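A short write-up of the structure that comes next.
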Amino acid sequence: MTEPGSGGRPAHGGARAVAAAQQHGAQTMFTLSGGHVFPLYDGAVNATPPMPIVDVRHEQSAVFAAEATARLTRAPGLAVLTAGPGVTNGISAITTAHFNGSPVVVLAGRAPDGRWGSGSLQELDHPPLVAPITKRAWTAHQPGQVEAAVDQAFTLAGARHRGPVFLDASLEALFGPAEGQPADDTGSAGTGSAGTSSAGGTGTAAVSRAASGGAADDAPDRDAIAAIARLLAGASRPVLILGSDVWLDGAENAARAAAEQLQLPVIANGQGRGILPAGHPLLVTRARSAALGEADLVLVAGTPLDFRLAYGSFGGKNGTPPAQVVHLADAPDQVATHCKLAGSAAGSLSAIFAGLASAADGAVAASAASRAWTEDWLPRLQAAAAAAVSADAGLLRSGASPIHPLRIYGELAGLLQPDAVVIGDGGDFVSYAGKYVEPQQPGCWLDPGPYGCLGTGLGYAIAARLARPTAQVVLLLGDGAAGFSLMDTDTLVRHRLPVVMICGNNGIWGLEKHPMQALYGYDVAADLQPGCRYDQVVSALGGAGELVTEPDDIGPALRRAFDSGMPYLVNVVTDAGNAYPRSTSGV
Ligand SMILES: Cc1ncc(C[n+]2csc(CCOP(=O)(O)OP(=O)(O)O)c2C)c(N)n1
């Protein structure tokens, strides 16, 4: 397994894999070492130019880093996992990429075909494990197959609707010489694990669709857009929701232009945040309850109608009837089927927004209903948003001790530059961030998305620092969340990646303790060490940090963190009695 790579010898499968990944713009290989994947490292080292390898301390961080790379750069991210436990450790992160529609390619090692069934080290058939959470999962058995298979994996990951793709390659396929091998892309030849060559649901058909001019297939239906324009012309209280796929699909400019042209009130979620910058007159996220509760037409773009959006049920508040709902998605299979839709369109979201703006413009301008929305509805929502902002001003300056978590966000707001990347990994502490950190630009906010997996933090931060070398990178960590990935501070240190970490340390699993108390009147399994010195963990790993217990010390500590130029954790002890005022349970 320690066979060296090219060095003048014919290229092995691993070298071919790296070459194919580079053709698709993959810049960095996120990984944790294992003998099964040595040829991929050898391929990276000897590639022209070499591909940087960022080696982490847990495979979840490798895949989370690849996922964040995809979400920030909008080019596919690459993670390399060793066979067996390397793959299984990556599964929560692959699932996160699946839920987020993030274009990620996971390449994995695999026990030798020649010994399959005899019990060689880490002999596990991976594709069936990851098939439900990937666009395709399959195995390359021969060196000559690897390059074409990796090419397919990248093409498929980046085609609408984007998502993770998994490919493992047997020891023979990665280590063996690729020259003179048939470039067979089916992955079905070779010895070993019969029946596992293509475990993914969409398989080859999806690959060929994506490769053969997906753009033409992705043009939205004009009649569907015209019908939505008519709904808009008849609406008095419309709302536009912008979600992550608007950014991932490169539709942020078209979305903003359509919203401005039609004067639509906008609510943003996930990576839709920042498309309308903080303070934009149409951005009424802070009036969410009135907007979604009283709307008569809700256009939802680039995000599923899931628990975050009341499963697509809007209106009905203050005597209003249920709202009509329109779903705009980047691919037909993303359009909601679990709720009644008044309209829908699928395909390129830029084309959908541009089509809608031109189809609706005249009709909307001419309709009496639209006057109602610009003269009454929009000002009402703007007033409600302004009232919500001023109602919070006191808490953002709170002098309470123990510290109110909002005081942290009050201090942070004054220090963030417009291109700062803010990452949230935690429960209540991060829910506050979602409400009070309003991005100035799109592509500057990363939360875990609807899968809600704790532990994304360090992997996302590693990727953010690499993707945005000159921007501030701020990682907001609950103290519970910190435990999943803080060890990867070591990766930040080894690879010289300065990041500011802020730990909202309430000494509890807040988002679980408070609800359990409310349900049962007691709680178990919800306490952590009060005041635990996570800052000292970071210092021990070669970074720096400090403990903050008084509200007036937060600002100076954050300034020291930004000035330090190293991984730095500001460990803020907050009030364990504080619970985020939550309106959804996720069920
Ligand atoms: C991997 C994983 N395990 C468990 C959960 C369930 N969970 C959701 S929020 C939460 C508490 C988070 O606590 P912390 O990070 O300290 O933030 P706080 O709510 O206290 O602000 C837990 C355990 C989860 N979402 N993901």
Original post:
Limited to the stretch 115-151, what total is found for residues that are over 22 Å from Tyr41 (Cβ atoms) and open to solvent by 10 Å² or more (accessible area, probe 1.4 Å)?
Top reply: 13
**OP:** Answer yes if at least one residue in the stretch 539-556 is charged (D, E, K, R), more than 15 Å from the ligand (Cβ to nearest atom) and either in a loop (DSSP other than H, G, I, E, B) or open to solvent by less than 40 Å² (accessible area, probe 1.4 Å) (or both), and no otherwise.
**Re:** yes
Original post:
Ala310: open to solvent by 10 Å² or more (accessible area, probe 1.4 Å) and touching a Phe, Trp or Tyr at 6+ places or on another chain (Cβ under 9 Å), yes or no?
Top reply: no
Original post:
Looking only at the stretch 43-55, which residues are more than 23 Å from Ser485 (Cβ to Cβ) and touching a helix residue (DSSP H, G or I) at 6+ places or on another chain (Cβ under 6 Å)?
Top reply: Gly43, Ala44, Ala47, Met51
**OP:** Check off (1) surrounded by fewer than 24 Cβ atoms within 10 Å (Cβ to Cβ); (2) more than 14 Å from the ligand (Cβ to nearest atom); (3) farther than 23 Å from Arg74 by Cα for Thr489 and give me the number that stays unchecked.
**Re:** (1)
**OP:** Working only within the stretch 460-485, note down all residues that are within 17 Å of Tyr568 (Cα to Cα) and within 13 Å of the ligand (Cβ to nearest atom).
**Re:** Leu475, Leu476, Leu477, Gly478, Asp479, Ala481, Ala482, Gly483, Ser485
Subject >> Odd one out for Gln440, checked against (1) in contact with an Asp or Glu (Cβ under 6 Å, 6 or more places away or on another chain); (2) of a type outside the set (Val, Ile, Thr); (3) closer than 29 Å to Ala386 by Cβ >> reply: (1)
Original post:
Which ranges mark the helices (runs of 4 or more DSSP H) fully within the stretch 1-111 that have 3 or more residues being over 26 Å from Gly443 (Cβ atoms)?
Top reply: 13-23, 38-46, 85-89
Subject >> Enumeration of residues in the stretch 227-286 that are among the basic types (Lys, Arg) and either open to solvent by less than 20 Å² (accessible area, probe 1.4 Å) or over 24 Å from the mean Cα position of the chain (by Cα) (or both) >> reply: Arg230, Arg237, Arg273
**OP:** Would you please list the contacts, defined by Cβ atoms under 6 Å and residues six or more apart or on different chains, that run from a residue in the stretch 451-466 that is outside any loop (DSSP other than H, G, I, E, B) to a residue that is more than 8 Å from the ligand (Cβ to nearest atom) and among the polar types (S, T, N, Q)?
**Re:** Gly457/Ser485; Leu458/Ser61; Leu458/Ser485; Gly459/Ser61; Ile462/Thr491; Ala463/Thr69
Subject >> Subset of the stretch 406-437 [over 20 Å from Arg288 (Cβ atoms), open to solvent by less than 10 Å² (accessible area, probe 1.4 Å) and either without any contact (Cβ under 8 Å) to a residue 40 or more places away in the chain or within 15 Å of the ligand (Cβ to nearest atom) (or both)] >> reply: Ile408, Ile423, Asp425
Original post:
If you take the residues in the stretch 314-340 that are under 29 Å from the mean Cα position of the chain (by Cα) and among the charged types (D, E, K, R), which one is nearest to Pro238 (Cα to Cα)?
Top reply: Lys340
Subject >> Residues of the stretch 506-535 satisfying the condition of being open to solvent by less than 100 Å² (accessible area, probe 1.4 Å) and more than 11 Å from the ligand (Cβ to nearest atom) >> reply: Gln517, Ala518, Gly521, Asp523, Val524, Gly531, Arg533, Asp535
Subject >> Residue, nearest to Arg230 (Cα to Cα), within the stretch 324-346, restricted to residues that are touching a residue at least 60 places away in the same chain (Cβ under 8 Å) and outside any strand (DSSP E or B) >> reply: Ala342
**OP:** Output yes when any residue across the stretch 446-453 is open to solvent by less than 20 Å² (accessible area, probe 1.4 Å), more than 22 Å from Val54 (Cβ to Cβ) and among the aromatic types (Phe, Trp, Tyr), and no when none is.
**Re:** no
Original post:
Quick one: which of Ala357, Ala366 is closer than 30 Å to Ile225 by Cα, open to solvent by 50 Å² or more (accessible area, probe 1.4 Å) and away from the ligand (no atom under 16 Å from the Cβ)?
Top reply: Ala366
Original post:
Out of the residues in the stretch 87-101 that are more than 14 Å from the ligand (Cβ to nearest atom) and open to solvent by 10 Å² or more (accessible area, probe 1.4 Å), which is nearest to Ala62 (Cα to Cα)?
Top reply: Thr88
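The values are calculated or read from the model by the stated rules, or taken from the named source; none is laboratory data. Because the structure is predicted, anything quoted here is derived from the model rather than measured. Here the Cβ is made from the backbone with ideal geometry for all residues, glycine too, and neighbour counts use every protein chain on show. Heads up: the accessible areas ignore ligands, DNA and RNA and are worked out on the full protein's heavy atoms, side chains in. Shrake-Rupley method; radii C 1.70, N 1.55, O 1.52, S 1.80 Å.
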